[in-house]
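*Asks:* If you scroll down you'll find the structure; I have some questions about it.
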Amino acid sequence: MSAPPGGPPLLAFEGITGGYGTTVVVRDVSGSVEPGEVLCVLGRNGVGKSTLMRLLSGHLSCRAGAIRLVGEDVTRLSASRRSKRGLSYGPQERVVFDNLSVADNLRLRAGGRGVGGSGTDERLDVYFEAFPVLGKRLRQHAGTLSGGERKILSFVRCLAEEQPLVLLDEPTEGVQFENIERMHAFIATARAAGTAFVIVEQHVAFALSIADRLLVMDQGHTVLQATAAEVDRERLLGYLQV
Ligand SMILES: Nc1ncnc2c1ncn2[C@@H]1O[C@H](COP(=O)(O)OP(=O)(O)O)[C@@H](O)[C@H]1O
Ligand SMILES: [Mg+2]
C-alpha cells in the first residue's frame, strides 16, 4: 500500500456506523489520513472511540459506511486482510498474548522475523534500547509485565510491523511519563518517514503535541473535526470534561 501524491488518501472512512448486536454505538463518523499524518481521536469514556477503531481495523463489521485504503474499498475485508494491505492495530485492552513470551509476542507481528533464539531482528534493537524492560524480559511471559509494560510491548509490535498505517487505541494508558515521551519520539520519527497514524488518546496535551488532525466524538457522533493548529481549545476541553 502506498499513496501517490494527489491520489486518494491513505485511509478514508465515510459515514461509519456500527456497534454490538442491535445497539448502534458509532454513527456516521467520517475522516481521512494522509501519509505522514497523525489523526487523534478524542472523547470522554464510553463515547465509542474504541468501537470506531474496531470498525476501522476490521475487528467489528460496519453496519453502514465505507472504508478505503488508498482508494480501495476494504469495508468488507477481515482484520487479517486489512493487515495484509498495510494496517497495524494496537487495541486498548488485551493488547498482548499473556501466555506467550515477550519475544514470541514480537515474533507474531505481521512480517515478523525471529527475535532471540533463531536469529535476532536487529530492527528491534532501537526499541529495546528505549524500553530496556522488553529486551531484558524476552523469555518471560508477557503476562508477567505490568499493564503499562504490556502497552509498550503492543506499541513496539505495531511500529515494528513497519506498515504504512498504524491504529493505536490509548497507547499511553498506564505508561510511565518517561516512556510516554519515548513513544512520542517513535511516533514522530515514523511520521516523518511517512507512516500515518490514527491514535485514540486521553491525554489532551499528548494529542495536541502529536496530532495533525483531531476528531472529537460524543455519544458515537463526531462533534468536532479540526487541525491541531486551528482547534478551538476551549471547545475541545468542553467535550472532554466529565
Ligand atoms: N464488546 C462490547 N459489547 C457490547 N457493548 C460494548 C462493547 N464494547 C463497548 N461497548 C459499549 O459501547 C459503548 C462505547 O464503548 P467504547 O467504544 O469502548 O468507548 P470508548 O473507547 O470511547 O471509551 C459503551 O456504551 C460500551 O459499553
Ligand atoms: Mg476505549
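*Asks:* Any idea how many residues of the stretch 161-189 are more than 16 Å from ligand 2 (Cβ to nearest atom), open to solvent by 10 Å² or more (accessible area, probe 1.4 Å), under 15 Å from Ala130 (Cα atoms) and not polar (S, T, N, Q)?
*Replies:* Number of matching residues: 9.
*Asks:* May I pose another question? When you look at Gly46, is it within 16 Å of ligand 2 (Cβ to nearest atom) and open to solvent by 10 Å² or more (accessible area, probe 1.4 Å), yes or no?
*Replies:* yes
*Asks:* Across the stretch 21-43, which residue is farthest from ligand 1 (Cβ to nearest atom) among those that are under 13 Å from Cys62 (Cβ atoms) and open to solvent by 10 Å² or more (accessible area, probe 1.4 Å)?
*Replies:* Filtering first and then ranking leaves Ser30.
*Asks:* Condition (residue is open to solvent by 10 Å² or more (accessible area, probe 1.4 Å) and either polar (S, T, N, Q) or closer than 20 Å to Val33 by Cα (or both)) applied to the stretch 130-144: is it met by at least one residue?
*Replies:* yes
*Asks:* If you check Leu55, Leu11, which single one turns out to be within 16 Å of ligand 2 (Cβ to nearest atom) and either at pLDDT 95 or above or open to solvent by 40 Å² or more (accessible area, probe 1.4 Å) (or both)?
*Replies:* Leu55
*Asks:* Does the stretch 58-78 hold any residues that are out of contact with any strand residue (DSSP E or B) (no Cβ under 7 Å at 6 or more places or on another chain) and away from ligand 2 (no atom under 16 Å from the Cβ), and which are they?
*Replies:* Within the stretch 58-78, Gly58, Val70, Gly71, Glu72, Arg76, Leu77, Ser78 meet the criteria.
*Asks:* Can you work out which of the residues in the stretch 190-211 that are of a type in the set (Val, Ile, Thr) and under 18 Å from Ser154 (Cβ atoms) is farthest from ligand 2 (Cβ to nearest atom)?
*Replies:* Of everything passing the filter in the stretch 190-211, Thr195 is farthest from ligand 2 (Cβ to nearest atom).
*Asks:* Still on this structure, I have one more. What about Thr75, is it of a type in the set (Ser, Thr, Tyr), more than 19 Å from Glu149 (Cα to Cα) and surrounded by fewer than 21 Cβ atoms within 10 Å (Cβ to Cβ)?
*Replies:* On the way: of a type in the set (Ser, Thr, Tyr): yes; more than 19 Å from Glu149 (Cα to Cα): yes; surrounded by fewer than 21 Cβ atoms within 10 Å (Cβ to Cβ): yes.
In short, yes.
*Asks:* Kindly list, by first and then second residue, each pair from a residue in the stretch 17-28 that is within 16 Å of ligand 2 (Cβ to nearest atom) to a residue that is open to solvent by less than 80 Å² (accessible area, probe 1.4 Å) and among the small types (Gly, Ala, Ser), limited to pairs with Cβ atoms under 6 Å and residues at least 6 apart or on different chains.
*Replies:* What qualifies is Val25/Gly19; Val25/Gly48; Val25/Gly220; Val26/Gly18; Val26/Gly48; Val26/Gly220.
*Asks:* If we keep just the residues of the stretch 44-62 that are near ligand 1 (Cβ under 9 Å from one of its atoms) and hydroxyl-bearing (Ser, Thr, Tyr), which is farthest from the chain's Cα centre (by Cα)?
*Replies:* The selected residue is Thr51.
*Asks:* Shifting gears a bit: Kindly list the number of the only condition in (1) within 15 Å of the chain's Cα centre (by Cα); (2) outside any loop (DSSP other than H, G, I, E, B); (3) not basic (Lys, Arg) that fails for Pro35.
*Replies:* Only one criterion in (1) within 15 Å of the chain's Cα centre (by Cα); (2) outside any loop (DSSP other than H, G, I, E, B); (3) not basic (Lys, Arg) is unmet by Pro35, namely (2).
The values are calculated or read from the model by the stated rules, or taken from the named source; none is laboratory data. Just so we're clear, the structure is a prediction, and the values are computed from it rather than from any experiment. Because the Cβ atoms are built from the backbone with ideal geometry, glycine has one as well, and the counts that use them run over all protein chains shown. Areas reflect the complete protein model, heavy atoms only, side chains present, ligands, DNA and RNA absent. Shrake-Rupley method; radii C 1.70, N 1.55, O 1.52, S 1.80 Å.
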